[in-house]
Amino acid sequence: MARIRQVKSLASAAALRNHLEDLGVEIPMDDEVDPAGALAQPLAITDGSAGTMTARNRWAVLPMEGWDGEDDGRPSDLVRRRWDRFAASGAGLLWGEATAVRPDGRANPRQLVLDETTVEEFAVLRARLDPSQLTGLQLTHSGRYARPTTEGPAPKTVYEHPLLDARVESGAAEVLTDEELDELVEQFIDRAVLAHQAGFEFVDIKACHGYLGHEFLSAFHRPGPFGGDLEGRTRFLRSIITGIRRQVPDLGVAVRLSLFDFVPHTIGEGGVGVPEAFGPYQLAFGGDGSGVGTDLTETHRVLDMLDSLGVGLVCASAGSPYYVPHIQRPAYFPPSDGYQPPEDPLVGVARLIAATAEIARRHPKMTVVAAGLSYLQEWLPNVGQALVDQGMADAVGLGRMILSYPHMPADVMASRELDRRLICRTFSDCTTAPRSGLISGCYPLDDFYNEREERIQLAAFKKAAKARLR
């Protein structure tokens, strides 16, 4: 493929538009950002049980997976520092980070865990935020990506996958039984009760990125009540939401959903990502059967089901960072163990924006939060404003960008010039570091991490990874 032109080299809105035209994709964008415009307006979210929840503006901090809690799942000083930065962001909607509902569901040994022993510390964590920030907590089980101890992966899966099972370092993945899933449903419900007790206004039942809640949606061949037709494949998600409504009706419920998926990709010639299998591929929820295209027919049906359960808040994502990161978080620089993008990352941004706009139009009662926008860099506010103005999304979420530049929303709404030194350039060190066993953070742009000794370890890991890929 032709050499990718970095976004930071596009010095004007006209230059970006010309580049998008050359790529043959559309991304809406305003030339100027109005500090008091669409992104600064209040956002009313209608939850079918909890009633109306209001965020003071249309900026959102997205849930991310931390690798820096205490060994027992409690928040650490590093977690508290990150949440303090969230509080200072100016964002009206704060989607608290991925939190495991039980220890063996952690994606890493230092991920947060919510249970009876940690709930009081979560209450303290919530209290550090601005009371006016509408705040939720993402509840998750990492499924096939569970790695709860330093001894290695301990995957729990929904079905046997012909491609992904072969990637498990420790051998065959364990397929959870129906009885184990019934127990897990009750644990999600119990943790939602604890989140409410800790002061969170809503919980997010994670159904994205290849984790357990997402994998159910492609469990076409799983027998029994949790697989097969869409009714079965959504039973896990629907049962959790129904139970939460019964136990804590005044707690809002949100879902972060991978709207579509692709066939797993692997490293091909020149380090560029290529499909691991060619031809028909039926295990991509929201896919068109080819493995590299989208069909949101079932996605809309899932959203109709969520709407019937009173879910009024959805964050739109795609794919998985483990096997198709180029559609989930477009980046110029991949993690050190990943593949080079097989397309200009702006193509991936445009694809996700188009899917987000489609669900926003088809499900107008739902509040839809856009994601995957960090690769837009200094043009993120211009695009975000256009998305909200044109009804293509109701709010703009920041993930990686919030790690490097947490106060971007505050700067935009105060009419301050963006600090280009802090703009996320998608270096992917925030992924490479955790995958090498180090704490999560933005090493290139946040001096706090750049000055830690882990930076030296990270550099050594990246050098070794580069050598292995030659």
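The values are calculated or read from the model by the stated rules, or taken from the named source; none is laboratory data. The structure displayed is predicted, hence computed values, not measured ones. Cβ sites come from the backbone with ideal geometry, for glycine too, and all protein chains shown count toward neighbours. Each accessible area value is taken on the protein alone, full model and side chains, heavy atoms only, with ligands, DNA and RNA left out. Shrake-Rupley method; radii C 1.70, N 1.55, O 1.52, S 1.80 Å.
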>> Cross-link candidates for residue 466: which aspartates and glutamates have Cα within less than 20 Å, leaving aside residues fewer than 8 places away along the same chain?
In response: 269, 337, 429, 454
> For labels at residue 389 and residue 307 in the simple 7 Å Cα→Cβ model, what's the distance in nm?
Replying inline: 2.7
> Expressed as a rounded percentage, what relative contact order does the range 314-418 have, with Cα pairs under 8 Å and six or more residues apart?
Replying inline: 24
>> What would the Debye equation give as log₁₀ I(q)/I(0) for the range 257-398 at q = 0.08, 0.14 Å⁻¹, counting only Cα atoms as equal point scatterers?
In response: -0.22, -0.65
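Please state the relative contact order of the range 185-237 as a whole percent: Cα pairs under 8 Å, 6+ residues apart?
With pairs under 8 Å counted, the relative contact order is 23 percent.
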> Of all DSSP beta bridges in the chain, what percent run antiparallel (nearest 5)?
Replying inline: 25
>> Give me a comma-separated list of calculated 3J(HN,Hα) values for the range 77-92, in order, Karplus coefficients 6.51, -1.76, 1.60 applied at θ = phi - 60°, integers in Hz, x for any Gly or Pro.
In response: 4, 5, 5, 5, 4, 5, 5, 4, 5, 4, 4, 7, 5, x, 5, x
> Could you give me the ³J(HN,Hα) list for the range 157-169, computed from phi with Karplus coefficients 6.51, -1.76, 1.60 and θ = phi - 60°, whole Hz, x at Gly and Pro?
Replying inline: 10, 9, 7, 6, 9, x, 10, 6, 4, 5, 8, 6, 5
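At a Förster radius of 41 Å, what calculated FRET efficiency corresponds to the Cβ-Cβ distance of residue 11 and residue 278, to the nearest 0.05?
Values: r = 39 Å, r/R0 = 0.96.
With a Förster radius of 41 Å, E is 0.55.
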> What nm distance separates the two modelled labels at residue 229 and residue 19, each placed 7 Å from Cα along Cα→Cβ?
Replying inline: 4.8
> How big is the range 138-268 by Rg and Dmax over its Cα atoms, in Å?
Replying inline: 15.3, 50
> residue 272's amide H: which non-local residues (gap 5+, or another chain) put their own amide H closer than 5 Å, with H modeled 1.01 Å from N in plane and none for Pro or chain starts?
Replying inline: 340
> What translational D, rounded to a whole number of µm²/s, comes out for the chain from Stokes-Einstein when the hydrodynamic radius is the Kirkwood one over Cα pairs, at 37 °C and 0.692 mPa s?
Replying inline: 148
> Quick one: Karplus J couplings for the range 256-264, per residue in order, coefficients 6.51, -1.76, 1.60, θ = phi - 60°, nearest Hz, x for Gly and Pro?
Replying inline: 9, 10, 7, 5, 8, 9, 10, 5, x
> If the cut-off is 22 Å between C-alpha atoms, which lysines fall inside it for residue 365, apart from same-chain ones fewer than 8 positions away?
Replying inline: 206
> Per residue, how many Å² of accessible area does the chain show with a 1.4 Å probe?
Replying inline: 38
> Near the amide H of residue 313, under 5 Å away, which other amide H atoms are found, from residues 5 or more places off or on another chain, if H is placed in the peptide plane?
Replying inline: 255, 367
>> Considering only protein heavy atoms and a probe of 1.4 Å, how much of the accessible area of the chain is carbon and sulfur, as a whole percent?
In response: 49
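Below 8 Å between Cα atoms, with a sequence gap of 6+, how large is the relative contact order for the range 67-220 in percent?
Values: 280 pairs, mean separation 39.0, N = 154.
Value for the range 67-220: 25 percent.
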> Amide H of residue 47: which non-local residues (sequence gap of 5 or more, or other chain) have their own amide H closer than 5 Å, using H built in the peptide plane?
Replying inline: 52, 53
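Once fully extended, how much extra length lies between residue 124 and residue 365, figured as 0.36 nm per residue of separation less the alpha-carbon to alpha-carbon distance?
Values: separation 241, 0.36 × 241 = 86.76 nm, distance 3.32 nm.
So the extension gain works out to 83.4 nm.
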